[in-house]
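Worksheet: the structure to be examined is printed underneath.
Coordinate-derived values only; no laboratory data. What you are looking at is a predicted structure, and each value in this text was computed from that prediction instead of being measured. Ideal geometry is used to build each Cβ from the backbone, glycine not excepted, and the neighbour counts take in all protein chains shown.
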Amino acid sequence: MTQRLPFSGVRVLDSTYVFALPYTGALLADLGAEVIKIEGPGRMDVTRGGVWSGAFPENDPGEDWWNRSSTYNLLNRGKKSLTLDLSTPRGRALFAELVKVSDVVMENYTPRVMKGWGLDYPNLRRLRPDIIMVSNTGYGHGDGPYSHYPAQATTQEATHGHCAVTGYIGGPPSKAGQSFVDFLASWTALFAIAAALRLRQRTGQGQWIDIGMYQCGVMFLSEFLMDYIANGRVAGRLGNRHPSRAPQGVYPARGKDQWIVLSVGDDEQWRALCALMGRPTLASDPRFADSLSRLKNHAALDDIIAQWTSQHDRYDLMHRLQAVGIPAGPVLNARDLHLDPHYRARGFLEDVAYPPERGIGKRPLIGRPWKASGVPARIQGPAPRLGEHNAEVLLGLLGLPPEEVRGLEEAGIIAQAPRDAHLEPRPPAEEMVRMGILAEWDPLYRQRLGI
Amino acid sequence: MPTGPLEGVTILDLSQGIAGPFCARLLADYGADVVKVEPPGGDPLRRVGPFYGDDPHPEKSLFFLVMNLNKRGITLDLETALGRRLFLELVRWADVVVESFPPGYLSRLGLDYSLLSGINPRLVLTSITPFGQSGPYSGFAGEEIVFYAMGGIMAISGTSDREPLKHGGNQAQYEAGLLGAAATAVALLHADATGGGQHLDISITEVVASTMVVHQPYYAFSGGIHGRRPPKGTLLGNPMPCRDGWVILQTGGGATWEEIADFLGKPELRDLKFATQEGRRVHGEELDALLLEAVKDRGRWELFHGAAERRILFGIVQDAKDLAECPQLAARGFYREVEHPVIGPIRVPAVLCNMSLTPYTLRRPAPLLGQHNVEIYCGLLGYSRQDVVRMRQLGVI
């Protein structure tokens with residue numbers, strides 16, 4: 001069996017920041033692409049130390065904290081790191097040289113930036129006629145009224161319609177727990193890049209993929225849009241309920257902050273639930289005997305179910321409910337994703353071993369959410385240190401003379417440590433729990449993970 | 001001009017509901033020739049609203065319509081010997097089969113991947129299921145709320161004084177559909193290079209879990225576990241009421257905190273204690289009060305446009321009406337009109353992303369049940385019209 005991977009031989013310039021396209025780059029690297037992440041010496045990725053950077057190993061930032069944050073390390077595994085100051089003409093000239101020897105260029109600057117640098121698609125195409133360029137912006141390029149508006153997923157979640165339909169019944173519109181729309185853009189990019197490479201193989205032509213995250217988010221609310229377009233209806237928030245299945249909800253299980261969800265779709269499942277709860281007569285109670293009555297009397301039903309679930313372990317409830325065909329499962333947190341037997345059996349997380357000098361050891365990281373038979377995709381290696389591959393890329397790939405590379409370093413166009421970077425101090429883990437930033441700190445995590 | 005980057009790709013879509021059909025629709029949107037294969041009773045999504053004019057007619061489900069744009073459609077009962085024979089004939093034609101049956105179902109019919117790939121070695125079989133093809137939960141039943149719960153997202157959605165909260169709508173199933181389309185496109189690229197197909201095993205729950213890119217490694221690096229946000233002191237980054245709706249503000253864009261404070265018009269916000277992320281956290285409740293006061297009498301559009309001019313990351317809560325009327329979506333050509341034989345002309349959300357060489361084309365609406373039976377069974381497989389009538393009478397199509 002060949003060890004060829006789907007993107008073997010494909011070189012990707014990844015001049016992207018934060019979540020969406022960096023994650024695409026990570027998946028491309030898992031699938032065999034050579035991904036060169038490009039950051040400015042004075043503009044490194046915010047996931048290296050900003051709001052979304054996550055945690056440092058054992059909460060210790062260490063000397064080179066910008067190489068050690070958990071979010072950066074997940075989203076940039078298997079890449080090469082090149083620093084290049086694109087705000088300088090020399091930096092841009094080197095970028096142009098790299099475009100000539102690359103297949104895909106990814107960027108997520110606001111629309112005027114690449115254009116201002118002379119690095120927009122018409123220009124890249126002159127450098128390499130079959131280049132595939134991916135631009136990800138909040139609202140998409142073009143002459144739309146919001147095309148130049150800055151955006152990130154947190155605020156876009158409201159604008160693209162997600163918050164309006166998410167929230168407790170009777171409560172305010174609510175965000176989801178994480179940076180939702182970024183992932184939609186990330187997978188859209190993976191989809192479009194694979195499709196564009198396929199077409200390039202057939203026609204020899206590249207193209208420009210223009211992703212507006214806003215569109216991706218709106219697309220995922222299609223049924224709500226259709227109800228308005230056809231029927232003039234604007235849907236309200238349903239909390240944890242379902243428009244037709246009842247009961248459906250999240251119920252307390254035994255223990256602190258332990259929950260089970262369940263969703264009953266028909267009378268048979270309802271009778272099975274009543275039997276499990278030890279209350280078979282409830283099945284014929286006229287308040288709950290048919291689906292429409294259960295929807296109408298949902299609140300009364302919730303109390304009855306919660307009384308039962310709160311006496312039992314969440315996994316025990318899952319097994320008992322699933323055994324009688326009722327969709328159900330525990331609310332899992334980040335720790336549970338590491339320990340749950342199903343995730344473990346499927347190898348959802350992949351261990352990444354760092355060289356000893358990195359001082360990070362071995363960490364499990366999210367792999368890819370699909371399995372492909374006969375394709376040995378996996379995380380190819382750790383995320384690089386900032387500028388780790390400067391020499392390899394500039395000397396090896398571009399063939400610059402060593403003295404020129406030294407000159408670039410002296411001029412600050414490339415670097416191996418960030419310029420003007422500082423890390424806001426963080427409270428210790430116990431303090432973060434007290435402040436409500438974390439729900440829990442588990443001092444035994446290394447033991448549990450075997451790392 | 002090609003119909004899309006996937007022009008020439010042939011797909012049988014056996015899937016039902018949301019995730020699988022959305023996957024196949026995206027592949028069709030970007031140029032593939034997709035034939036949806038429904039059981040004679042139809043995809044159950046035909047019975048799910050919203051319906052055009054609130055009329056629960058099987059051809060008027062708008063949810064079915066948007067999940068099945070750009071496809072042709074046939075009916076076929078795989079549980080009959082003749083149905084399986086016809087299916088295997090179609091597999092010779094197809095590059096991809098998309099399916100969402102419970103794991104093991106196709107094997108029980110004698111139609112597992114090894115048999116299909118024996119007939120067509122380049123075949124990509126894309127299976128999208130609640131928990132995947134393997135592992136202790138693979139036979140479990142899934143529902144949207146279960147995907148969020150077991151995917152780790154509910155634990156961090158909602159507020160810490162209340163129960164975990166589900167995302168609105170069917171986000172998990174859409175996510176799995178998009179991921180399925182991406183994985184399929186990757187597999188097609190690979191098949192071009194190697195001549196070999198793949199069985200793609202997509203678990204909807206794992207797709208949701210793979211968005212935990214902050215929270216999973218946070219635990220693996222430090223033992224910290226996130227929960228739901230505290231109900232107080234956390235309004236920054238969450239929706240706040242203004243005069244005519246809701247708005248949301250975050251830091252981290254091109255604007256400094258001082259510029260944000262000036263935009264909001266509250267001098268108290270310039271206090272140094274709010275200048276850092278840590279300070280804003282420590283003084284969160286005080287900050288909440290100032291933010292609420294700052295926006296309560298202002299209009300959402302004025303705030304939205306004004307913030308953008310100042311490079312501030314800012315959003316407004318838009319509902320379906322706002323989105324249907326959005327000038328940005330209009331400028332991007334996001335909605336397209338399609339002529340449906342039963343519904344008539346209707347506007348649908350269409351364009352996921354723009355590709356310069358292969359502009360989006362909406363070629364057809366969703367198929368009526370069995371609409372293309374004659375076209376496929378006679379035109380593609382070479383059966384006679386009389387055979388097709390017999391198949392119908394036998395209940396196979």
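What spacing in nm lies between the two simple spin-label points modelled at A:A353 and B:Y105, each 7 Å away from Cα in the Cβ direction?
Label at A:A353, label at B:Y105, 4.2 nm between them.
Hey, with R₀ at 35 Å, roughly what FRET efficiency would A:A283 and B:R390 work out to, going by the Cβ-Cβ distance, to 0.05?
0.20
Would you mind ranking A:T203, A:T110, B:T194, B:T126 by Cβ crowding within 10 Å, fewest neighbours first?
Ordered by Cβ neighbours within 10 Å, fewest first: A:T203, B:T194, A:T110, B:T126.
Which percentage, to the nearest 5, of the DSSP beta bridges contained in the protein assembly as shown is antiparallel?
So the antiparallel bridges amount to about 45 percent of the total.
Quick one: if you stick a label point 7 Å off each Cα along the C-beta vector at B:V342 and A:E63, how many nm between them?
About 7.0 nm separates the two model spin labels.
Can you list the aspartates and glutamates whose alpha carbon sits under 17 Å from that of A:K256, skipping same-chain ones fewer than 8 residues off?
Straight-distance partners of A:K256: A:D313, A:D316, A:D336, A:E440, A:D442, B:D161, B:E163.
Cα axis of helix B:284-295 to longest principal axis of chain B: angle in degrees, 0 to 90, nearest 10?
80
Set the Förster radius R0 to 30 Å, insert the Cβ-Cβ distance between B:A289 and A:V234 as r into 1/(1 + (r/R0)^6), and round the FRET efficiency to 0.05.
The calculated FRET efficiency here is 0.50.
Could you tell me, in Å, what Rg and Dmax come out for the Cα atoms of segment A:248-335?
Spelled out, the Cα radius of gyration and Dmax of segment A:248-335 are 12.5, 42 Å.
Using only the Cα atoms of segment A:1-90, build the gyration tensor, take square roots of its eigenvalues as a ≥ b ≥ c, and label the shape rounded, prolate or oblate: rounded if a/c is under 1.5, else prolate if a/b is larger than b/c, else oblate.
It is oblate, given that a/c is not under 1.5 and a/b is not larger than b/c.
Can you compute the charge dipole magnitude of segment A:248-335 about its Cα centre, using +1 on each Lys and Arg Cβ and -1 on each Asp and Glu Cβ, nothing else charged? Give it in debye, rounded to the nearest 20.
With only Lys, Arg, Asp and Glu charged at Cβ, the dipole is about 240 debye.
Suppose R0 equals 51 Å; then what is the FRET efficiency for B:K232 and A:A421 from their Cβ-Cβ distance, rounded to the nearest 0.05?
About 0.95, to the nearest 0.05.
On a 0 to 90° scale, report how tilted helix A:89-100 is relative to the longest principal axis of chain A, with both axes built from alpha carbons and the result rounded to the nearest 10.
So the helix axis and the longest Cα principal axis differ by about 70 degrees.
May I ask you to list the aspartates and glutamates whose Cα is less than 18 Å away from that of A:K371, ignoring any residue fewer than eight positions away on the same chain?
By straight Cα distance, A:K371 reaches A:D30, A:E350, A:D351, B:E99, B:D112, B:E175, B:D201, B:E206.
Tell me, how many Å apart are the Cα centres for segment B:377-397 and for segment B:82-127?
Each part's Cα centre sits 20 Å from the other's.
Would you mind working out the magnitude of the charge dipole of the protein assembly as shown relative to its Cα centre, with +1 at each Lys and Arg C-beta and -1 at each Asp and Glu C-beta, to the nearest 20 Debye?
For this selection, approximately 1080 debye.
Per DSSP H run of at least 4 residues, take -39500 (n - 2.57); add these up for the protein assembly as shown, divide by its residues and hand me the 222 nm value, nearest 500 deg cm²/dmol.
For the protein assembly as shown, the value works out to -10000 deg cm²/dmol.
What's the local net charge at B:A183, with K and R +1, D and E -1, over the other residues with C-beta under 11 Å away?
Residues close to B:A183 contribute a combined charge of +1.
Of A:L262, A:H319, A:L332, which is farthest on the positive side of the dipole of segment A:248-335, counting Cα position, with +1 on Lys and Arg Cβ, -1 on Asp and Glu Cβ, and the Cα centre as origin?
Highest projection toward the positive end goes to A:L332.
Step through the table entries A:K296/B:K232; B:K71/B:K166; A:K175/B:K321; B:K232/B:K273; B:K60/B:K321; A:K80/A:K175, compare each Cα-Cα distance with 25 Å, and write down the pairs that go over it.
A:K296/B:K232; B:K71/B:K166; A:K80/A:K175
In segment B:240-316, with Lys and Arg counted as +1 and Asp and Glu as -1 at Cβ, which of these residues, B:L264, B:G279, B:L249, has the Cα nearest the positive end of the dipole, that is, farthest along it?
The residue sitting farthest along the positive end of the dipole is B:L249.
Can you give me the P(r) profile for chain A? Cα pairs, bins 10 angstrom wide beginning at 0, each as a whole percent.
All Cα pairs considered, the percentages come to 4, 17, 25, 24, 17, 9, 4, 1, 0.
With charges set only on the Cβ (+1 for Lys and Arg, -1 for Asp and Glu), what does the dipole of segment B:240-316 come to about its Cα centre, in debye to the nearest 20?
Around 180 debye, computed over segment B:240-316.
Multiply the residue separation of B:L368 and B:Q277 by 0.36 nm, subtract the distance between their alpha-carbon atoms, and state the gained length in nm to one decimal.
Full-extension gain reported as 27.3 nm.
DSSP beta bridges in segment B:1-143, what fraction antiparallel, as a percent rounded to 5?
Here the share of antiparallel DSSP bridges comes out near 5 percent.
Measuring from a point 7 Å past the Cα of A:L292 along Cα-to-C-beta, which residues in segment B:45-71 have an amide N at less than 18 Å?
Flagged as within label range: B:48-49, B:51, B:54-57.
Quick check: residue separation of A:R378 and A:E430 times 0.36 nm, minus the Cα distance between them. What number comes out in nm?
Full extension of this stretch gives 15.3 nm more.
Could you give the Stokes-Einstein D for the protein assembly as shown in µm² per second, using the C-alpha Kirkwood radius, 20 °C, 1.002 mPa s?
The calculation lands on 77 µm²/s.
Could you give the angle, 0 to 90 degrees to the nearest 10, between helix A:314-323's Cα long axis and the longest principal axis of the Cα atoms of chain A?
70
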